[in-house]
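One structure below.
The values are calculated or read from the model by the stated rules, or taken from the named source; none is laboratory data. Please read these numbers as outputs of a predicted model, since none were measured by experiment. Don't worry about glycine lacking a Cβ; one is built from the backbone with ideal geometry, like all the others, and counts go over all protein chains shown. Quick note on the areas: whole protein, heavy atoms, side chains included, nothing else; ligands and nucleic acids left out. Shrake-Rupley method; radii C 1.70, N 1.55, O 1.52, S 1.80 Å.
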Amino acid sequence: MKIDPWSSSQYQDYGKLRDEFGIEEFAEDDWFGLPHPHRLLRRGVIFGHRDFGRVKNAIQKREPWAVLTGLMPSGRMHLGHKMVLDEVIYYQRECGAQVNIAVADIEAYATRDMPLERTDELAVGEYLVNYIALGLSPERCRVYFQSRDSDVKDLAWKLGRKANWSEMKAIYGFGDSTNMAHVHAPLIQAGDILHPQLERYGGPKPVLVPVGVDQDPHMRLTRGIAQAFRLFNVTKTRDGKIGAFVKTDERVGELLDAAEGELKKLGFIDMKRIDDYKALYVNSASSFDLPAIDEALARIEPRFGGYGFIPPSSTYHRFMTALDGGKMSSSRPESGIFLTDEPAEAAKKVKRAKTGGATTLEEQRKNGGNPHGCSVYELFAYHLIEDDGELAGIYESCRDGTRMCGECKKLGGGLIEKFLEDLGEKREKAREMVGEFIEQNA
Ligand code: TRP
Ligand code: SF4
């Protein structure tokens, strides 16, 4: 199995994907204890993660951390796009995240033949305006265009030192006819993801990238590059302890001094240092302490000319199924709800949507419906119903055959209509604010 970030394939078996690519399952333990956990986290819509623990720890200890997302403007924004923004806004509001939003105009230019001016128009008029209407705040928020950001572009070409061609081919399936701008695009995305850790943006810190699983190849590439640039390698040793190893040959003694000092401050007293091995063994630590030790040592590295990149974390959300059962896509208006749909039109789409209901009412009364294969239920769970008890009530009554699809469609149609009307009003105000987001931050 291979994931192609530039095709629009749908992935059915999330468990299998997770196992194949080493993505961790995202379960109750992962979100429990966060402030007002968002419905996408609570309901298993976020099904996987990498290193979310670092982020949770930063949130709970109120340490600096960042969330980063990129938008590749292609057509109109739909509810599928909204999911990542809901996450971002939650982290901004409730969890103290610094928000970074990359307009992926270089990527659109390189992979979709999209002129830069066109991306600009779509990014601002369609995407950013909706982001603001959905609740994105200008506070602790940076919005930038890839093509105009020298920090990101410079970082991108530097990161290329630690990615070789065979790796790029293996991850992305690039070949002889891939254009060079496309070959370079993943490095720009790696630049997006890692630049919040540059000194100018506050130095090493956990960074969360909420994505659909189609973006995981970029996460794998970026995490590998981040690791390759580190001056310390922090790992579990064979006897189950933690070892920190200096990876360069320069200033080894000083690096070990600094590491020792830093880890003492964290309360690790029992350490063994072997300069010849360029190693510092933390005897009293277990693998539980590894992220904290790794992060402490990452923060030393900028003093020694390194970047100290902490591997970026990610969450993976499920894709929405199309209302008509096919693929949801901007090129098929019937397939989904777009944020600029006429509210009454959107309600009609819900009324026509494919549900998990039985073929006849009798049969449904007898055997119940199937909320798992129902695009209307999905709308409730992902977007429209906040109260877990209410959602559970719909689920139960669908299963036991006391609820008919007409009732759901009526409820769903009404809720979507109201949601879009309200969003439309907020968009008017957002249009006045959008300049503030970009001018202040670009
Ligand atoms: N490649 C992403 C897409 O196709 C857009 C993107 C660019 C992005 N840079 C990013 C996503 C950084 C996450 C993080 O939609
Ligand atoms: Fe879906 Fe509601 Fe029909 Fe059940 S009753 S299949 S949840 S529309």
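Does the stretch 413-442 hold any residues that are small (Gly, Ala, Ser) and either surrounded by 18 or more Cβ atoms within 10 Å (Cβ to Cβ) or more than 24 Å from GLY369 (Cβ to Cβ) (or both), and which are they? Matches in the stretch 413-442: GLY413, GLY424, ALA430, GLY435, ALA442.
Per the listing ILE188, ILE193, ILE171, ILE225, the residue uniquely under 18 Å from VAL88 (Cβ atoms) and either surrounded by fewer than 19 Cβ atoms within 10 Å (Cβ to Cβ) or in contact (Cβ under 8 Å) with a residue 12 or more places away in the chain (or both) is ILE193.
Restricting attention to the stretch 201-215 and to residues that are part of a strand (DSSP E or B) and over 16 Å from GLN92 (Cβ atoms), the residue that is farthest from ligand 2 (Cβ to nearest atom) turns out to be VAL211. When the helices (runs of 4 or more DSSP H) confined to the stretch 72-137 are screened for residues that are within 11 Å of ligand 1 (Cβ to nearest atom) and open to solvent by 10 Å² or more (accessible area, probe 1.4 Å), those reaching at least 1 such residues are found at 79-94, 105-112.
The set of residues from the stretch 331-354 being touching a Ser or Thr at 6+ places or on another chain (Cβ under 7 Å) and surrounded by 22 or more Cβ atoms within 10 Å (Cβ to Cβ) comprises SER335, ALA353. Of everything in the stretch 384-412 that's open to solvent by less than 20 Å² (accessible area, probe 1.4 Å) and more than 8 Å from ligand 2 (Cβ to nearest atom), which residue is farthest from MET83 (Cα to Cα)? Among those that are open to solvent by less than 20 Å² (accessible area, probe 1.4 Å) and more than 8 Å from ligand 2 (Cβ to nearest atom), it is GLY401.
A quick yes/no check of all residues on (1) at pLDDT below 95; (2) closer than 27 Å to LYS16 by Cβ; (3) out of contact with any Ser or Thr (no Cβ under 8 Å at 6 or more places or on another chain):
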| residue | (1), (2), (3) |
| --- | --- |
| SER286 | yes, no, yes |
| ASP294 | no, no, yes |
| ILE300 | no, no, yes |
| PRO312 | no, yes, no |
| ARG318 | yes, yes, yes |
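Beta carbons closer than 8 Å, at least 6 apart along the sequence or on distinct chains, pair a first residue in the stretch 83-100 that is in the same structural domain as LEU40 (by TED's automatic domain parsing) with a second that is part of a helix (DSSP H, G or I) and polar (S, T, N, Q) for LEU85/ASN130; VAL99/GLN92.
Which members of the stretch 147-197 meet the condition of being closer than 19 Å to PRO115 by Cα and part of a loop (DSSP other than H, G, I, E, B)? Walk me through it before giving the result.
Initial filter on the stretch 147-197 (closer than 19 Å to PRO115 by Cα): 147-149, 153, 178-186, 188-189.
Across the stretch 147-197, the qualifying residues are ASP149, THR178, ASN179.
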